[in-house]
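Peer 1: To start, I am sharing the structure in question, which I have written as structure tokens.
Derivation of every value follows stated rules applied to the coordinates shown; laboratory data play no part. Just so you know, these numbers come straight off a predicted model, no measurement behind them. Neighbour counts are summed over all protein chains in view; Cβ atoms, including those assigned to glycine, are modelled from backbone coordinates with ideal geometry.
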Amino acid sequence: MKKLLIVFIFPLFFACSNSEDNMETVMNEKEEVINPFVMGDFISRAHPTSGKAAVSSDKTKLAFTNFKTDNGPKLLVYLSTDENSTEFVNLGDLKGIQGDFTYNVPTNTDFGKYKLVNIWCVDFSVSFGTAELK
């Protein structure tokens, strides 16, 4: 009976522990931002974060290039007023922890007010990294 139990539980344990978290590296979906409206380099906050962020000249797309950060629970992409995301525009879930990604920006977003791209961890209320758009 013990052997039978081990045969069924052992694979289940490894299936759970080996499975990647919901935030794994995904295929690149590169869309070039030609003549960006604003751009900035990511800097680390609570976790190592690097890469570039650029907003398209028509202000409808935010593109990450050579982006990299740590994995975490519930990471969102915000356009925010400050590092603490006091006020923000939610662009949705972070699409991956490494690569090139594009996000849609809501019409009439005020880039004079929302000057930071913020990788925000909802569960711990911390910024993994930010890019100042200028």
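Peer 1: Under a point spin-label approximation (7 Å from Cα along Cα-to-Cβ), what is the Lys113-Glu87 distance to one decimal in nm?
Peer 2: A separation of 0.4 nm, rounded to one decimal place.
Peer 1: How charged is the neighbourhood of Ile43? Take every other residue with its Cβ under 12 Å from the Cβ of Ile43, and add Lys/Arg as +1 and Asp/Glu as -1.
Peer 2: Once positives and negatives cancel, what remains is -1.
Peer 1: For Asn104, project a label point 7 Å along Cα to C-beta. Then give me every residue of segment 33-54 with its amide nitrogen under 19 Å of that point.
Peer 2: 33, 54
Peer 1: How big is D for segment 33-132, in µm² s⁻¹ as a whole number, if Stokes-Einstein is applied with the Kirkwood radius of its Cα pairs at 10 °C and 1.306 mPa s? Mind showing how you got there, number by number?
Peer 2: Details: Rh = 13.0 Å.
Estimated via Stokes-Einstein, D reaches 122 µm²/s.
Peer 1: Got a sec to turn the phi values of segment 73-78 into Karplus ³J(HN,Hα) couplings, 6.51 cos²θ - 1.76 cosθ + 1.60 with θ = phi - 60°, whole Hz, x for Gly and Pro?
Peer 2: So the Karplus estimates, Gly and Pro as x, are x, 6, 9, 10, 9, 10 Hz.
Peer 1: Summing +1 for each Lys or Arg and -1 for each Asp or Glu, what net charge is found among the other residues whose Cβ lies under 13 Å from the Cβ of Asn118?
Peer 2: -2
Peer 1: To continue, here is another question. Could you please report the charge total around Ala131, scoring K, R as +1 and D, E as -1 over all other residues with beta-carbon less than 12 angstrom from its beta-carbon?
Peer 2: Charge balance in the 12 Å sphere: +1.
Peer 1: Go through segment 104-119 residue by residue and turn each phi into a ³J(HN,Hα) via Karplus (6.51, -1.76, 1.60, θ = phi - 60°); whole Hz please, and just put x for glycine and proline.
Peer 2: Computed from phi, the couplings for segment 104-119 are 7, 10, x, 4, 6, 5, 8, 6, x, 8, 9, 9, 10, 8, 10, 8 Hz.
Peer 1: Quick check: pseudo-label points 7 Å beyond the Cα along Cα→Cβ at Phe124 and Lys74, how many nm apart are they?
Peer 2: Placing both labels 7 Å along Cα→Cβ, they lie 1.5 nm apart.
Peer 1: Let me ask another. Over 19 Å between C-alpha atoms is what I'm after, so list which of Lys52/Lys95; Lys95/Lys115; Lys52/Lys134 land there.
Peer 2: Numbers: Lys52/Lys95 15 Å; Lys95/Lys115 21 Å; Lys52/Lys134 12 Å.
Table pairs above 19 Å Cα-Cα are Lys95/Lys115.
Peer 1: What is the dipole size for segment 33-132, taken about its Cα centre, with +1 at each Lys and Arg Cβ and -1 at each Asp and Glu Cβ, in debye to the nearest 20?
Peer 2: In total the dipole reaches around 180 debye.
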